[in-house]
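A.B. asks: Right, I'll just put the structure down here and ask away after.
The values are calculated or read from the model by the stated rules, or taken from the named source; none is laboratory data. What you see is a predicted model, and the numbers here were worked out from it, not measured in a lab. Here the Cβ positions follow ideal geometry from the backbone for every residue, glycine too, while neighbour counts run over all protein chains shown.
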Amino acid sequence: MNIPLDSPFRPSRREFLNRFGGGLGGIALASLIGESQARDQGTLPLYLTDSPKAKRVIYLFQSGGPSQMDLYDYKPRLKAEEGHQLPDEVRGGQRLTGMSGNQSSLPLVGSPFTFSRHGESGQWFSELLPYTAKIADEITVIKTMNTDAINHGPGVTFFQTGSQLGGRPSIGSWLSYGLGSENANLPAFVVLITKGMKGQPLVSRLWGSGFLPGEHDGVRLNPDKDAVLYLNNPEGIDIKTRRAMLDSLGALHRLHREESGDAALETRIAQYEMGFRMQASIPEATDLSDEPESTFRLYGDDARTPGTYAANCLLARRLAERGVRFVQLYHQDWDHHGGLPGGLKTKCRETDQASAALVIDLKQRGLLDDTIVIWGGEFGRTNYCQGKFNPASFGRDHHPRCFSLWMAGGGIRAGYSHGLTDDYCYNIVDGGVHVYDFQATLLHLLGIDHERLTYFYQGRHFRLTDVHGRIVKPILA
């Protein structure tokens, strides 16, 4: 299209380069002619490697900060020294939150739960995780995760976007942007939130596309007849009428696009078209009526109830096998500042069976080899009691220095425990994994060079890992 030099719609040199580099160059051949075809032809964008181990991700995010020393990181010394003060040399003057930083006493408290070894790998698990213990030889437990954030909002945002400040693209959006979709009839990025949960709020910016084109937003599915809001046709509008309306609207948008040079109009057209295609694909994907009884026995009876964690894990498997690139589950209320013994039992009853079932189900279907499953929260909990120690109802404060997370599937080493924390579960002794390292490793497994997948915005090239991140090679298969 030729635009006169004096046209008010003629883009500046910077706008032109940004649109070209951030559009065709960024979305690249992977989405234009297909990622696999591009790899076969040796015409990959620079940020893609030729040896991906996985194609998709299911991220089971446990919002609130699960207690690592009560679930995965066995620390008998805490029990032996229960009631003693956290040694100054262990704390090392490290920052505490405002909720416990003003306490005159920081009494150590051991786990009230029994730990034992499981599988040929001999990994330690709490008695609260009997189902996860059965997949000990399928997963890597990273015991030395650490983060810069000490409060929930920044902590969750950091894991999901690579920044403690809101507004950056989420992991799922980066993958949608860099790899495209495997199924043109479903979104590349889907979000599922357990229904009826309390706890720290989850806001849409956690699955937003930030400064990336809006078509890379996560699509949240609701557990009711309208899985996606405003997707169904209104009364009196049939499928032929809607198709004709979208064709006319698309023609008007393209005409305006030619006149204005506004690239956002292409995103709007793409979203309308995706909505039309999802009218058929979403109901089919979310209908669990064709699942056999054996599947519900595997995931648990809760899987029959839409919106439960178990139902969402099962739905995540259905979406993954239909080509959804990134499925993000959120399960809230792990923030146990008080009442931890009872609260942690409840959370594990809600999540343990279905989390393990997802890994087993994917493996049975031959999907685990190229699907990564992740389980973890935004930080861990303190080894000392928040407030006055009460064995029946004590709580733990936020702890960002070391906490646990597990991964399974595509390219992940099976039956492995990574890293070592001190005997107090307060500091990392060996094998630390920062949030940026986790993100860099995840992208690597998906065939992406985390340093090269960038987007030019406001005068600089942004990436998920900012200017940090290293691949954690010991956890790779």
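A.B. asks: Does GLY300 count as small (Gly, Ala, Ser) and at pLDDT 95 or above? Outline the logic, then answer.
C.D. replies: On the way: small (Gly, Ala, Ser): yes; at pLDDT 95 or above: yes.
Judged against the criteria, GLY300 is a match.
A.B. asks: Return the only residue of ALA392, ALA408, ALA357 being in a loop (DSSP other than H, G, I, E, B), under 26 Å from SER63 (Cβ atoms) and out of contact with any Ser or Thr (no Cβ under 6 Å at 6 or more places or on another chain).
C.D. replies: Answer to the check: ALA392.
A.B. asks: Looking only at residues in the stretch 441-477 that are assigned to a helix (DSSP H, G or I) and within 20 Å of the chain's Cα centre (by Cα), which one is farthest from GLY162 (Cα to Cα)?
C.D. replies: First, the residues of the stretch 441-477 that are assigned to a helix (DSSP H, G or I): 441-445, 473-475.
Next, only the ones that are within 20 Å of the chain's Cα centre (by Cα) stay: 441-445, 475.
Values: THR441: 13, LEU442: 13, LEU443: 13, HIS444: 16, LEU445: 17, ILE475: 21 Å.
If we take residues in the stretch 441-477 being assigned to a helix (DSSP H, G or I) and within 20 Å of the chain's Cα centre (by Cα), then ILE475 is farthest from GLY162 (Cα to Cα).
A.B. asks: Please go through the stretch 46-60 and pick out each residue that is in a strand (DSSP E or B) and either touching an Asp or Glu at 6+ places or on another chain (Cβ under 8 Å) or of a type outside the set (Phe, Trp, Tyr) (or both).
C.D. replies: The answer is LEU48, ARG56, VAL57, ILE58, LEU60.
A.B. asks: Considering only residues that are under 33 Å from the mean Cα position of the chain (by Cα) and more than 20 Å from PHE394 (Cα to Cα), which ones fall in the stretch 58-95?
C.D. replies: ILE58, TYR59, LEU60, PHE61, GLN62, VAL90, ARG91, GLY92, GLY93, GLN94, ARG95
A.B. asks: When you go through LEU212, LEU192 one by one, which is the residue that is crowded, with 23+ Cβ neighbours inside 10 Å and under 14 Å from the mean Cα position of the chain (by Cα)? Reasoning before the result, please.
C.D. replies: Values: LEU212 fails: under 14 Å from the mean Cα position of the chain (by Cα).
Within the list LEU212, LEU192, the selection yields LEU192.
A.B. asks: Here are the criteria: (1) at negative phi; (2) of a type outside the set (S, T, N, Q); (3) surrounded by 23 or more Cβ atoms within 10 Å (Cβ to Cβ). Tell me which single one GLY162 does not satisfy.
C.D. replies: All conditions are met except number (1).
A.B. asks: Out of HIS434, HIS444, HIS418, I need the residue that is surrounded by fewer than 24 Cβ atoms within 10 Å (Cβ to Cβ), in contact (Cβ under 8 Å) with a residue 40 or more places away in the chain and in contact with an Asp or Glu (Cβ under 9 Å, 6 or more places away or on another chain). Which one? Reasoning before the result, please.
C.D. replies: Details: HIS444 fails: in contact with an Asp or Glu (Cβ under 9 Å, 6 or more places away or on another chain); HIS418 fails: in contact with an Asp or Glu (Cβ under 9 Å, 6 or more places away or on another chain).
Result of the check over HIS434, HIS444, HIS418: HIS434.
A.B. asks: Just checking, does the stretch 367-385 include any residue being surrounded by fewer than 22 Cβ atoms within 10 Å (Cβ to Cβ) and among the acidic types (Asp, Glu)?
C.D. replies: Scanning the stretch 367-385 turns up at least one residue that is surrounded by fewer than 22 Cβ atoms within 10 Å (Cβ to Cβ) and among the acidic types (Asp, Glu).
A.B. asks: List, please: which pairs have Cβ atoms under 6 Å, are six or more places apart or on different chains, and start with a residue in the stretch 61-89 that is in a strand (DSSP E or B) and end with one that is of a type in the set (Phe, Trp, Tyr) and at pLDDT 95 or above?
C.D. replies: If the second residue must be of a type in the set (Phe, Trp, Tyr) and at pLDDT 95 or above, the pairs left are PHE61/TYR330; GLN62/TRP334.
A.B. asks: Looking at PHE113, is it touching a strand residue (DSSP E or B) at 6+ places or on another chain (Cβ under 6 Å), surrounded by fewer than 20 Cβ atoms within 10 Å (Cβ to Cβ) and either among the aromatic types (Phe, Trp, Tyr) or modelled with pLDDT under 95 (or both)? If you could, list the steps in order and put the result at the bottom.
C.D. replies: Details: touching a strand residue (DSSP E or B) at 6+ places or on another chain (Cβ under 6 Å): yes; surrounded by fewer than 20 Cβ atoms within 10 Å (Cβ to Cβ): yes; either among the aromatic types (Phe, Trp, Tyr) or modelled with pLDDT under 95 (or both): yes.
It is true that PHE113 is touching a strand residue (DSSP E or B) at 6+ places or on another chain (Cβ under 6 Å), surrounded by fewer than 20 Cβ atoms within 10 Å (Cβ to Cβ) and either among the aromatic types (Phe, Trp, Tyr) or modelled with pLDDT under 95 (or both).
A.B. asks: Among (1) crowded, with 24+ Cβ neighbours inside 10 Å; (2) at pLDDT below 95; (3) not aromatic (Phe, Trp, Tyr), where does SER404 come up short?
C.D. replies: Tallying (1) crowded, with 24+ Cβ neighbours inside 10 Å; (2) at pLDDT below 95; (3) not aromatic (Phe, Trp, Tyr), SER404 fails exactly one: (2).
A.B. asks: Also, I was wondering about something else. Of (1) surrounded by fewer than 24 Cβ atoms within 10 Å (Cβ to Cβ); (2) over 24 Å from GLY338 (Cβ atoms); (3) touching a Pro at 6+ places or on another chain (Cβ under 6 Å), PHE389 satisfies all except one. Which?
C.D. replies: If we test PHE389 against (1) surrounded by fewer than 24 Cβ atoms within 10 Å (Cβ to Cβ); (2) over 24 Å from GLY338 (Cβ atoms); (3) touching a Pro at 6+ places or on another chain (Cβ under 6 Å), just (2) comes out false.
A.B. asks: Which is modelled with pLDDT of 95 or more, over 16 Å from the mean Cα position of the chain (by Cα), surrounded by fewer than 23 Cβ atoms within 10 Å (Cβ to Cβ) and closer than 23 Å to ASP302 by Cβ, of ALA133, ALA227?
C.D. replies: ALA133
A.B. asks: Same structure again: In this structure, is TYR436 assigned to a helix (DSSP H, G or I) and modelled with pLDDT of 95 or more? Spell out the reasoning first.
C.D. replies: Working: assigned to a helix (DSSP H, G or I): yes; modelled with pLDDT of 95 or more: yes.
So TYR436 passes the test.
A.B. asks: Among the numbered criteria (1) under 30 Å from ASP88 (Cβ atoms); (2) surrounded by 24 or more Cβ atoms within 10 Å (Cβ to Cβ), which one does ILE150 miss?
C.D. replies: Every condition holds for ILE150 apart from (2).
A.B. asks: With a cut-off of at least 2 residues that are aromatic (Phe, Trp, Tyr), name the helices (runs of 4 or more DSSP H) lying wholly within the stretch 108-184.
C.D. replies: Qualifying helices (runs of 4 or more DSSP H): 152-161, 171-179.
A.B. asks: Among the listed residues THR140, THR132, which satisfies the condition of being of a type in the set (Val, Ile, Thr), under 30 Å from TYR47 (Cβ atoms) and in contact (Cβ under 8 Å) with a residue 12 or more places away in the chain?
C.D. replies: Answer to the check: THR140.
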